[in-house]
1. Suppose we filter segment 198-220 for residues that are closer than 17 Å to Leu232 by Cβ, out of contact with any Lys or Arg (no Cβ under 6 Å at 6 or more places or on another chain) and surrounded by fewer than 21 Cβ atoms within 10 Å (Cβ to Cβ); how many remain?
2. Can you tell which of Gly158, Gly135, Gly148 is surrounded by 14 or more Cβ atoms within 10 Å (Cβ to Cβ) and either without any contact (Cβ under 8 Å) to a residue 24 or more places away in the chain or small (Gly, Ala, Ser) (or both)?
3. Of the conditions (1) part of a loop (DSSP other than H, G, I, E, B); (2) more than 19 Å from Asp36 (Cβ to Cβ), His176 clears all except one; give me its number.
4. So Leu403 fits all but one of (1) at pLDDT 90 or above; (2) exposed (fewer than 14 other Cβ atoms within 10 Å of the Cβ); (3) not in a loop (DSSP other than H, G, I, E, B); what number is the exception?
5. Which residues, taken from segment 122-131, are closer than 19 Å to Asn72 by Cα and touching a residue at least 24 places away in the same chain (Cβ under 8 Å)?
6. Going by what's in this entry, would Thr134 be described as at pLDDT below 95 and over 26 Å from the mean Cα position of the chain (by Cα)?
7. Every residue in segment 22-51 that is in contact with an Asp or Glu (Cβ under 9 Å, 6 or more places away or on another chain), modelled with pLDDT under 95 and more than 20 Å from Gly94 (Cβ to Cβ), please.
8. Kindly establish whether Pro206 is within 20 Å of Ser77 (Cα to Cα) and either part of a loop (DSSP other than H, G, I, E, B) or without any contact (Cβ under 8 Å) to a residue 12 or more places away in the chain (or both).
Amino acid sequence: MMFQRLAILSILSLCLLNVASRADETITRGSNLSVDVAADGRLVMDVAGHIWTIPQAGGDATIVTQAFGSANRPRWSPDGLRVVFTAIADQEQGMWVHDTGSEQTVSISEKSHFDLHPTWHPDGQRVTYASDRTGKGFDLWEVDLPTGLHWRLSSRPGDEIEPAWSADGKDLVYIHSNQGRWSLVLRRLGRREEILVSGTDHLSAPSWRPDGSLITFWRDGEDGTSLDMVILSQPRLVRRYMNGEDYVTSPVSWLDKHRMVYSAGGVIRQRLFNAWSSRTVPFRATIATAPRAVVERLRRNLPRGGEPRGTLVIHAAKLFDGIGGGYQHDRDIVIEGGRIKSVEAHADRPGMIVIDMGDLAVLPGYVDAQARLPLTADEMTGPLLLAAGVTTIVADHPEAEHLSTVWSGKELPGPRVLPAVDWPVGDYSGLADSMTPGLPSLLQSRPARLIGFNDMIARRFSEPPAFDAGKTTVVLGSRPNGMPAGIALHAELRALVAAQLKPEQALRAAGVNAAAELGVDPTLGRVATGAVADLVFVDGDPLTDIDAALKVVAVVRNGRFFSVAGLIDRVAAPETVE
């Protein structure tokens, strides 16, 4: 995966201050907790990204698997010996089965497919799940565990998700969504499919009562979240069962036809079907933390080289400095030796080289804190990435240092390349997928055509992701979306805005936030005194419309000015010097 380098010891960004004593963490509540009950009453749940089991009456939780840190939605096998769950490994979402007897955990997904909502067939040999393998929507699939064979069960317009089998294995119920309409669909053995419930309310997580008399499901409507049920009588009866709690919309789990288990308010709840109230099943999940160093991030120095001599002045009628507060107007950016010497009010500057960018918006160069630089990338790739406004990337590539050196010059300029092994980052966005708004037009854009990307984009989320209100520390990293550097960053910007960030916040994710995560703030990601002279000039208003961030007309990289037309010409005639 990552390339090992002897030089890594010389550029560590963490300074050891002292060693903390061991401090175990005990958790008694879980965010978005999902729970399932086995036939013998044992519970399995996901807490803190791990899978745990607890006794029926509650108590100390036993960790099942902790190799992922992203495990969720566990479901017991019918015999209570195995657990299927989803998790992210190598930046791909997949399904896993853990055997509680052998303590082995194996992947049951086929590589590069986004699979979710696994559920056991009652025979215990098959797992049914949802997967988007065509880029046109989620379908229901099934895998035979002994042979590893996968086959498709459905193919309808839109998404078919969250399958659930009846106890006898004859009938299947699932959720279908298409163009804003949600349906609960029943597929009975040997009969045509039947739509049990349909409307604009969001439906999720159906579950069969063990005697097959009814199906519960969650409904999100204008009056909040409720657990509704379809009584499978003739005619069908749809009734509300309960509401008024902070529910997690994971399938209700039934111990028998009288006792049900679900989660709400961060705890596990058990309820008798005919009761008016529920009781809490307490748990204590203890995460043992090994002694660890208390560290402080030191400011790191970006590699330098190839900076031009002399002074260059950029007159910006409309400047976004990367920090916030909208545009500054009528400013001069004074550049010397590849760095910004000052940002001043516009003035006459006799004898200096002044470039007036008219009414173009001037922004800090875009930073991708975790990019995918294909192995086929070579020296000629640099100008194409720069034409998309990308001036810094963190990426794995065997020639990363060489490319960064070449791309710092004027003949074949390109982004600054920071080897991922030397410049690791923690959490980063990775939100774009085939459902990202504006993706089709992005893939038809000139930068996409120049980079030569026309592959199918994978579906990675069942529903568009969204950030909590007030989220401001997102770091843009495009590697998980599978697209190559350059076009991937713009897909990510659009995905961030679709996830409820403002365009200005999305640009900061590709600027000052990324710089802070890399430990190079304030020299990167902003237009300010002392910062590197990486600038992007776009035609439009990217603080209002994030699509405008793609309309790059020119860039300043390492203190040198390049028009996009000149960059494209370099790829056709690399000996041309602007």
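1. Looking only at that region, the number is 4.
2. None of the other options fit; the residue is Gly158.
3. Going through the list (1) part of a loop (DSSP other than H, G, I, E, B); (2) more than 19 Å from Asp36 (Cβ to Cβ), His176 breaks only (1).
4. Going through the list (1) at pLDDT 90 or above; (2) exposed (fewer than 14 other Cβ atoms within 10 Å of the Cβ); (3) not in a loop (DSSP other than H, G, I, E, B), Leu403 breaks only (2).
5. Scanning segment 122-131 gives Val127, Thr128, Tyr129, Ala130.
6. Criteria not met by Thr134.
7. Residues satisfying the conditions are Gly30, Leu33, Ala39.
8. Considered against the rule, which asks whether it is within 20 Å of Ser77 (Cα to Cα) and either part of a loop (DSSP other than H, G, I, E, B) or without any contact (Cβ under 8 Å) to a residue 12 or more places away in the chain (or both), Pro206 comes out as no.
The values are calculated or read from the model by the stated rules, or taken from the named source; none is laboratory data. As the structure is a computational prediction, the values presented were derived from the model and not from experiment. Every residue, glycine as well, gets a Cβ built from its backbone with ideal geometry; the counts of neighbours run over all protein chains shown.
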